[in-house]
1. So what's the convex hull volume per residue for the Cα atoms of the stretch 82-141, in Å³?
2. Give, as a single signed number, the net charge of other residues whose beta carbon lies under 13 Å from the beta carbon of residue 136, with Lys and Arg counted +1 and Asp and Glu -1.
3. Enumerate the aspartates and glutamates that residue 99 could reach by cross-link, defined here as Cα to Cα under 13 Å, with residues fewer than 8 away along the same chain left out.
4. Show me, for the stretch 124-140, the HN-Hα J-couplings you get by feeding each phi into the Karplus relation (A = 6.51, B = -1.76, C = 1.60, θ = phi - 60°), rounded to Hz, glycine and proline as x.
5. Under 5 Å between amide hydrogens, which residues at least 5 positions from residue 76 or on another chain qualify, with H placed 1.01 Å from N in the peptide plane?
6. Among residues other than residue 66 whose Cβ falls under 15 Å from its Cβ, what is the net charge (Lys/Arg +1, Asp/Glu -1)?
7. Computed on alpha carbon atoms, what radius of gyration and Dmax characterise the stretch 56-120, expressed in Å?
8. For residue 100, list long-range residues whose amide hydrogen, built 1.01 Å from N in the peptide plane, is under 5 Å from its own amide hydrogen.
Amino acid sequence: IRVAPFAIFAVVTRSVLSTPLICTVSISTYAFSSRLITVVGFITFLPLPSVILGDFNSEPVSAPVKMCSECKAPELFDITAGIERTVNDFGRLCESSSKKIDYIFVSRELAEAFTEAIIWDDCHDGIYLSDHYPVCAKFEY
């Protein structure tokens with residue numbers, strides 16, 4: 001999910017009644033870290049499977065990504081760790097200059113059901129879906 005200059009996070013959980021609860025938070029790049037702390041705090045109090053995903057506009061070594069990857073309560077897993085790049089700038093970037101700034105972090109329950117993460121790098125007649133490759137995760141229950 002991408003809306004520049006904002007990072008969009010969707011916190012997805014399931015209630016005790018098996019009704020999906022989706023809380024979407026738009027985070028300005030200027031308040032990124034403090035709002036991310038709020039989102040992580042929100043899911044800390046929910047004993048439910050959770051997902052934090054989106055365009056972090058941050059590389060793997062940055063503070064926001066480390067905040068999620070080093071989180072212990074709840075423990076979050078970067079299921080996109082095997083993906084090296086998510087930015088293509090509509091084909092203007094070569095593979096060596098592209099970087100990863102889009103992530104999917106999940107709680108342990110979902111990490112255990114996770115099977116695969118892929119990017120949609122389709123290009124038809126020089127037209128890309130976005131300046132980012134959409135990231136997709138598959139789970140088996």
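1. On the way: hull volume 4.8 nm³, N = 60.
Taking only Cα atoms, the stretch 82-141 has a hull volume of 80 Å³ per residue.
2. Result for the local shell: -3.
3. By straight Cα distance, residue 99 reaches 55, 59, 84, 89, 131.
4. Taking θ as phi minus 60°, the curve returns 10, 6, x, 10, 9, 4, 6, 7, 10, 7, x, 9, 10, 10, 10, 10, 10 Hz for the stretch 124-140.
5. 71
6. The answer is -2.
7. 12.9, 40
8. Placed amide hydrogens put 86 under 5 Å from residue 100.
Just so you know, all these numbers are worked out from the coordinates, no wet-lab data involved. Values in this document were obtained by computation on a predicted structure and should not be read as measured data. A quick note on method: Cβ atoms are made from the backbone with ideal geometry, for glycine too, and the neighbour counts reach across all protein chains shown.
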